[in-house]
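Visitor: Here it is, the structure, as structure tokens.
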Amino acid sequence: MEDALYCQTLGADALGFIFYEKSKRYVNPVTAANITGELSPFTLKVGVFANEPDIKKVRDIFYEAHLNIIQLHGDESYDYIKGLGLPVIKSFRINDGFDFNVLKKYPGITYLFDAHNEKGLGGTGEQFNWSVIPQSLNNKYILAGGISHNNLEDAIAMLKPMAIDVSSSLESEPGKKDKEKTKIFFNKLKQIRRKQCS
């Protein structure tokens, strides 16, 4: 609760809740519901899942935790997404050999690009080779993977993503935000936004 409200105060547009039970950042739906109930209606509440075979479970958690959108970090198919009948962000783990033609199999879905790592499905804090992303996708995806205040300006200037997804770079430990790192990050983001508007 403290972390969520702090991030919202600093200007977070969306907050993610991890429902993948193998994750160190897992939160149960009841706890998530208690937190989302205290958040502004203008803050997007995102439920993160990975390879959950039970579509009904995902849908039940969506409503129980008062979420706005689902973020999928596994190998979910387009049919699986359509079966959910919910707003979805689909994560793709990018390496130098990634075939961006795969995205054509997911029409109308919001994409998230994260670093490919055999050890985990996300939240690894690793940056991938941004140069592999086609410029034709500018403003059409969410960028994740090793983004901090140190490379935030480069990420926005070079890639022009529609949004930035951060996790481990703002933590003191998995699932716990570092207040100083988080404050520095949002201050940097505000500086960049002021430059863009001037």
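The values are calculated or read from the model by the stated rules, or taken from the named source; none is laboratory data. Model, not experiment: these values are computed from the prediction. Neighbour counts run over all protein chains shown; Cβ positions are idealised from the backbone, glycine included. Protein only, heavy atoms only, side chains kept; ligands, DNA and RNA dropped before computing areas. Shrake-Rupley method; radii C 1.70, N 1.55, O 1.52, S 1.80 Å.
Visitor: Only residues that are open to solvent by 70 Å² or more (accessible area, probe 1.4 Å) and among the charged types (D, E, K, R): list them for the stretch 75-108, please.
Guide: Answer for the stretch 75-108, where residues must be open to solvent by 70 Å² or more (accessible area, probe 1.4 Å) and among the charged types (D, E, K, R): ASP75, ASP79, LYS82, ASP96, ASP99, LYS104, LYS105.
Visitor: Within the stretch 33-49, can you find the residues that are more than 22 Å from LEU112 (Cα to Cα), surrounded by 14 or more Cβ atoms within 10 Å (Cβ to Cβ) and either modelled with pLDDT under 95 or not polar (S, T, N, Q) (or both)?
Guide: The answer is ALA33, ILE35, LEU39.
Visitor: Out of the stretch 166-198, which residues are open to solvent by 80 Å² or more (accessible area, probe 1.4 Å), of a type outside the set (D, E, K, R), assigned to a helix (DSSP H, G or I) and over 23 Å from PHE113 (Cβ atoms)?
Guide: GLN191, CYS197 - these are the residues of the stretch 166-198 that are open to solvent by 80 Å² or more (accessible area, probe 1.4 Å), of a type outside the set (D, E, K, R), assigned to a helix (DSSP H, G or I) and over 23 Å from PHE113 (Cβ atoms).
Visitor: Against the conditions (1) acidic (Asp, Glu); (2) touching a residue at least 40 places away in the same chain (Cβ under 8 Å); (3) surrounded by fewer than 17 Cβ atoms within 10 Å (Cβ to Cβ), where does ASP114 fall short? Just the number, please.
Guide: With respect to (1) acidic (Asp, Glu); (2) touching a residue at least 40 places away in the same chain (Cβ under 8 Å); (3) surrounded by fewer than 17 Cβ atoms within 10 Å (Cβ to Cβ), ASP114 is out only on (3).
Visitor: Related question: Which of the following residues is modelled with pLDDT of 95 or more, over 20 Å from GLN191 (Cβ atoms) and not aromatic (Phe, Trp, Tyr): LEU137, LEU121, LEU143?
Guide: Working: LEU121 fails: modelled with pLDDT of 95 or more; LEU143 fails: over 20 Å from GLN191 (Cβ atoms).
Sole residue among the options that is modelled with pLDDT of 95 or more, over 20 Å from GLN191 (Cβ atoms) and not aromatic (Phe, Trp, Tyr): LEU137.
Visitor: Scan the stretch 137-165 residue by residue and report those that are open to solvent by 40 Å² or more (accessible area, probe 1.4 Å), under 17 Å from VAL46 (Cβ atoms) and part of a loop (DSSP other than H, G, I, E, B).
Guide: MET162, ASP165
Visitor: Only one of (1) over 30 Å from SER131 (Cβ atoms); (2) exposed (fewer than 15 other Cβ atoms within 10 Å of the Cβ) is not met by GLN8, so which one is it?
Guide: Just one mismatch for GLN8, condition (2).
Visitor: Search the stretch 125-136 for residues being farther than 14 Å from ASP154 by Cα and touching a strand residue (DSSP E or B) at 6+ places or on another chain (Cβ under 9 Å), and hand back the single one that is least open to solvent (accessible area, probe 1.4 Å).
Guide: It comes out as ILE133.
Visitor: Please state which one of LEU72, LEU15 is touching a Cys at 6+ places or on another chain (Cβ under 9 Å) and surrounded by 15 or more Cβ atoms within 10 Å (Cβ to Cβ).
Guide: LEU15
Visitor: Within the bounds of the stretch 171-184, is there any residue that is of a type in the set (A, V, I, L, M, F, W, C) and under 18 Å from the mean Cα position of the chain (by Cα)?
Guide: Within the stretch 171-184, not a single residue is of a type in the set (A, V, I, L, M, F, W, C) and under 18 Å from the mean Cα position of the chain (by Cα).
Visitor: Continuing with the same structure: Can you confirm whether LEU5 is out of contact with any strand residue (DSSP E or B) (no Cβ under 7 Å at 6 or more places or on another chain) and in contact (Cβ under 8 Å) with a residue 60 or more places away in the chain?
Guide: Details: out of contact with any strand residue (DSSP E or B) (no Cβ under 7 Å at 6 or more places or on another chain): yes; in contact (Cβ under 8 Å) with a residue 60 or more places away in the chain: no.
So LEU5 fails the test.
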